[in-house]
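Just so it is clear, none of the values below were taken in a lab; they were calculated from the coordinates. All values derive from a computational prediction rather than experimental measurement. Cβ: placed from backbone, ideal geometry, glycine included. Neighbour counts: every protein chain shown.
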Amino acid sequence: MPRVKRSTKRNDRRKKILDRASGYFLTKSKLYQAAQEAVERGLKFAYTGRKQKKRQFRSLWIVRISAACKLNGTSYSQFISGLKKAGNDLDRKILSDIAIKDAAGFTKLVEQAKAANVAAKKAA
């Protein structure tokens, strides 16, 4: 059986790991085994972080919408409920943007939601 030294493949694999580990502290950026462990751990956190990012942004949008709703004399839940009853299907990202950049437009949306809530109570 021929002898296999794996020089280029092995070096390429190690170089890739050490490149990913550049900027890590002390041996984690210099020694292959420590770098490999640190890179795998970092990739695991990066994967979960991509999922958490979506949750965190949605939470931020809700906080912004809620603050704007309180300025207009209603609660977040009443506002969202009223928008759904009114048939307005704007998502929270857009509502948050409107709340920040266009206060008058957001006030009109709040009035629309309040009117839809009142109409739904009369119908029930």
*Can you pick out the pairs among 28/51; 54/84; 93/121; 9/44; 30/54; 16/53 whose Cα atoms lie more than 32 Å from each other?*
30/54
*Net charge near residue 25, counting Lys/Arg +1 and Asp/Glu -1 over other residues with Cβ under 15 Å of its Cβ?*
+3
_segment 94-124 and segment 1-70: distance between their alpha carbon centers, rounded to Å_ = 43
*Only one of the values [x] 87, 34, 20; [y] 43, 28, 25; [z] 53, 37, 29 was calculated from this structure for Cα extents along the principal axes in Å; name its label.*
[x]
